[in-house]
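I have placed the structure first, in the form of structure tokens, so that the comments after it can refer back to it.
The values are calculated or read from the model by the stated rules, or taken from the named source; none is laboratory data. This structure is a prediction, so every number in the text was calculated from the model and none was measured. Cβ sites come from the backbone with ideal geometry, for glycine too, and all protein chains shown count toward neighbours. When the accessible area is computed, the model is the full protein with side chains, heavy atoms only, and any ligands, DNA or RNA have been set aside. Shrake-Rupley method; radii C 1.70, N 1.55, O 1.52, S 1.80 Å.
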Amino acid sequence: MLHTLLSKLIKNSAGKTRFLMALVGMSVAIFLILSAVQLQVNYYQLLHAKDNQDSIANFLVVNKIMTDQNIGSSSLSEEQIKDIQAQPFVESLGNIVPSRFKAAIQSNSDRFPFYTDIAFESVPSEFLDITTKDWTWTEQSNYLPIIVPNQFLDIYNFQFSISQNLPQLTPAVVKMLVFKVTIQTPNGPLSMNGRVVGLSNRISSMLVPQSFMEWANKRFANSQSANASSRVVIRTKDPGNPMLVSYLKEKGLTTDADKTRFSRYRQVVDFVVNISGITGILMLAFALLIFTLFIQLTIASCKDEIALLVLMGSSPKQLKRFLMRRFYPPNIWIALIGLILISVTQFWLFQFLKEKQIFLSPYISAYTVMAAIGILLVIALVNHQSIKKWLRQKK
Amino acid sequence: MPDRFMEISLQSLIPIPLKDRKLHEQSGIWKKNCLFHQAEWIKIQAPSGTGKTSFQHILYGIRHDYEGAVMYNHQNLKDFDEDALAKLRQEQLSVIFQDLKLFGNLTALENIELKRLLSPGFRTSDSIQEMASLLGIDGILHQPAAICSYGEQQRIAIIRALMQPFDWLIMDEPFSHLDDANIQKAASLIASECKARGAGLIITDLEADNHFNYQRVLYL
């Protein structure tokens with residue numbers, strides 16, 4: 001009630017249109033800053049999450065360069081592996097263990113016959129870009145889970161099936177096929193069912209669970225060093241790191257060539273985050289400046305009314321509270337609407353990227369909400385200070 | 001509650017613009033030491049130019065260009081900060097200015113209501129209606145104050161001053177534009193309000209009068 005009376009006395013002298021435009025500027029500023037925060041959080045999540053099919057974090061398969069000199073000794077020694085692991089750019093390292101026995105896979109179905117000799121490799125699960133509950137094997141298991149490189153399916157669908165007049169296969173169909181895996185053991189062939197449980201982009205190899213590899217190599221290996229690795233997979237934050245490149249060169253090692261697209265993603269993300277963050281902060285600064293001007297103008301144009309209110313006994317606190325209530329609440333609405341818009345965008349992004357096997361949180365991060373609260377606090381502080389300053393100056 | 005009721009003590013008070021005039025030699029207030037006891041009703045008779053309005057403004061803490069001191073319960077008015085001054089004006093000191101100081105663009109009712117809401121819980125809005133009909137301005141309550149006649153504005157200002165608690169009511173020519181009948185109504189309303197609060201009053205005017213039962217008459 002007092003508020004209504006005071007609003008009749010203390011009017012926005014600068015005009016509604018200009019006030020609205022300042023609010024629009026403030027909205028854009030808050031939206032940009034919050035987007036930058038959310039983008040940074042999403043990016044960080046992609047960089048560090050384990051469950052992303054196409055994670056931005058980089059995994060490199062490292063092996064010796066095959067030359068005339070090292071034919072027959074292509075495996076990495078334990079010292080070499082330890083040395084690689086000790087490098088600062090290596091976040092973690094996993095041994096890739098090859099199968100040391102003969103194996104073949106064969107179709108169970110007459111409609112879709114195939115047979116091929118094959119070899120497997122295994123890596124620790126955290127280096128896989130696939131998480132599925134099927135990725136386990138024990139001696140009691142009904143079938144052997146296998147992860148196949150995506151390229152294999154591409155080669156099949158776009159070359160082989162066409163040349164052989166065979167049906168093309170989708171990833172879903174491939175995962176449904178059960179085939180026969182036959183291992184040549186010293187005691188004769190051993191057969192079991194096999195099934196493809198995932199298609200990997202990261203490691204170009206037929207992969208089986210480590211538990212199976214250890215079990216099979218121990219029993220059926222035709223060489224001594226049963227579980228020695230042929231090559232390793234490393235996790236690194238930046239595959240374009242010059243130290244990494246020169247290290248590999250110096251040690252006669254090599255890795256998958258085309259990993260640069262990830263660094264390019266990162267540059268784009270960094271660029272967008274920086275631009276939207278800096279623009280947002282600049283706009284926020286300008287919007288705050290305009291708001292303090294509004295406050296100054298309003299107080300200046302109502303100085304007679306304010307003086308009379310003070311004579312009537314209204315305390316500086318009451319006036320400050322009134323002016324805060326006049327200027328501040330739109331900011332809360334703006335921040336809320338900004339958060340809602342970003343939530344909607346995030347959910348949309350989550351659904352869009354899910355189809356691409358990239359997993360983001362469907363909700364906005366706590367950091368984004370905290371950033372919104374932080375911005376509101378800054379605005380409150382600036383408004384409060386300028387109201388205090390101009391009320392005092394008026395006197 | 002020793003602080004509840006307030007004594008006003010003036011110590012060698014003189015507005016700086018009046019300092020060099022000889023007027024104050026006959027004055028009962030300027031450059032004298034006076035004590036206004038609680039609940040005392042005081043008339044200050046002051047011919048034009050003797051600083052009547054200055055006196056009211058100094059007591060109310062609007063003017064600071066004076067020498068000497070105004071003490072409210074032994075506290076120097078000059079030491080009051082803006083919060084303390086606001087508290088003084090909300091709870092202990094009420095005032096009727098000679099120039100009334102109404103908000104012209106608010107209605108009569110809104111002017112009074114504003115004051116009532118600044119000291120929340122003291123008076124209900126019904127009391128405004130009662131006082132307005134007592135003083136015969138209930139018909140103009142919804143008119144903007146600016147287009148009310150001066151006599152009506154004076155009565156609005158009187159009711160407004162009674163919307164708050166106070167120990168002292170300070171009035172500067174409050175009845176100048178009222179006829180005798182209206183003066184009588186207004187004065188008896190003010191008297192009963194002051195009695196109800198156990199409050200003192202200080203009224204400054206040009207001429208002698210019998211509007212209230214004064215305990216003291218001073219010449220400025």
Within region B:83-107, track down each residue that is within 22 Å of B:Gly198 (Cα to Cα), among the polar types (S, T, N, Q) and facing chain A (nearest Cβ under 8 Å). B:Gln90
Cβ-Cβ below 6 Å, separation at least six or inter-chain, first residue in region A:223-237 and under 22 Å from A:Phe89 (Cβ atoms), second open to solvent by less than 20 Å² (accessible area, probe 1.4 Å) and at pLDDT below 75: which pairs? A:Thr236/A:Asn58
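Let's see how each residue does on (1) open to solvent by 60 Å² or more (accessible area, probe 1.4 Å); (2) under 15 Å from B:Ile203 (Cα atoms):
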residue	(1), (2)
B:His57	no, yes
B:Gly61	no, no
B:His64	yes, no
B:His74	yes, no
B:Asp79	yes, no
B:Asp83	yes, no
B:Gln90	no, no
B:Val95	no, yes
B:Asn105	yes, no
Residue list for region A:344-381, restricted to those being buried (at least 17 other Cβ atoms within 10 Å of the Cβ), among the polar types (S, T, N, Q) and part of a helix (DSSP H, G or I): A:Gln346, A:Thr368
Just one of (1) within 18 Å of the chain's Cα centre (by Cα); (2) open to solvent by 30 Å² or more (accessible area, probe 1.4 Å) trips up A:Arg326, so point out which. (1)
Considering each residue of region B:108-152, count those that are within 14 Å of another protein chain (Cβ to nearest Cβ), part of a helix (DSSP H, G or I) and not β-branched (Val, Ile, Thr), and give that number. 13
Looking at region B:72-117, which of its residues are free of Cβ contacts under 8 Å to residues at least 12 places away in the same chain and within 27 Å of B:Phe36 (Cα to Cα)? B:Gln75, B:Asn76, B:Asp79, B:Asp81, B:Glu82, B:Asp83, B:Ala84, B:Ala86, B:Lys87, B:Asp99
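Can you tell me which residue among B:Leu109, B:Leu117 is open to solvent by 30 Å² or more (accessible area, probe 1.4 Å) and in contact with a helix residue (DSSP H, G or I) (Cβ under 8 Å, 6 or more places away or on another chain)?
On inspection, the qualifying residue turns out to be B:Leu109.
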Sole residue being within 14 Å of chain A (Cβ to nearest Cβ), more than 21 Å from B:Cys194 (Cα to Cα) and either in contact with a strand residue (DSSP E or B) (Cβ under 6 Å, 6 or more places away or on another chain) or not charged (D, E, K, R) (or both), chosen from B:Gly61, B:Gly68, B:Gly51, B:Gly28: B:Gly61
Tell me yes or no: at least one residue of region B:1-21 is in contact with a Phe, Trp or Tyr (Cβ under 9 Å, 6 or more places away or on another chain), among the hydroxyl-bearing types (Ser, Thr, Tyr) and closer than 18 Å to B:Ile170 by Cα. yes
May I ask you to verify whether A:Ala335 is open to solvent by 20 Å² or more (accessible area, probe 1.4 Å) and part of a helix (DSSP H, G or I)? no
Looking only at region B:153-171, which residues are more than 15 Å from A:Leu311 (Cα to Cα) and in a strand (DSSP E or B)? B:Trp168
Name the residues in region A:280-304 that are crowded, with 18+ Cβ neighbours inside 10 Å and within 14 Å of chain B (Cβ to nearest Cβ), would you? A:Cys302
Return yes or no: is B:Ala157 within 13 Å of the chain's Cα centre (by Cα) and crowded, with 20+ Cβ neighbours inside 10 Å? yes
Among the residues that make up region A:7-25, is at least one of them within 14 Å of another protein chain (Cβ to nearest Cβ), modelled with pLDDT of 80 or more, surrounded by 18 or more Cβ atoms within 10 Å (Cβ to Cβ) and over 19 Å from A:Ile203 (Cβ atoms)? yes
Within the set of pairs 6+ apart or on separate chains, which have a first residue in region A:152-170 that is over 14 Å from A:Pro113 (Cα atoms), a second that is surrounded by fewer than 12 Cβ atoms within 10 Å (Cβ to Cβ), and C-beta atoms under 9 Å apart? A:Leu153/A:Thr170; A:Asn157/A:Thr170
Residues being surrounded by 15 or more Cβ atoms within 10 Å (Cβ to Cβ) and either touching a Phe, Trp or Tyr at 6+ places or on another chain (Cβ under 8 Å) or within 16 Å of B:Asp99 (Cβ to Cβ) (or both): count how many of those fall in region B:183-213. 16
